[in-house]
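The structure under discussion appears below in the form of structure tokens.
Please treat every number below as a calculation from the coordinates, not as lab data. This structure is a prediction, so every number in the text was calculated from the model and none was measured. A quick note on method: Cβ atoms are made from the backbone with ideal geometry, for glycine too, and the neighbour counts reach across all protein chains shown.
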Amino acid sequence: MAFLRHLYNNELPVSDNAMRIVREILIQPPGVVVNATGEHPFDAPWPAETVASAKTGSTSSVAIGQCAESSAGSNVVGVPGCL
């Protein structure tokens, strides 16, 4: 959650444009969440103006314990599997 807070507060050590692009990529189509297995509708109707941002899936390319923490306690940004 710390990564998402930093992303949406423009507090990551990357350009504002890069953070904007990532936020746009996370936006899901109306009424569904899309992952590698396809579109999955929400269980109940959501208001038409609802915008859902989601990161689906996971990775196993980083060994457990490889993700170091900074002095602030947030995971290392930019290392796959450390978000």
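Summarising the label geometry, the points placed 7 Å from Cα in the beta-carbon direction at Glu39 and Ala18 lie 3.3 nm from one another. If the segment from Ser53 to Ile27 were pulled out straight at 0.36 nm per residue, it would be longer than the present Cα-Cα gap by 8.9 nm.
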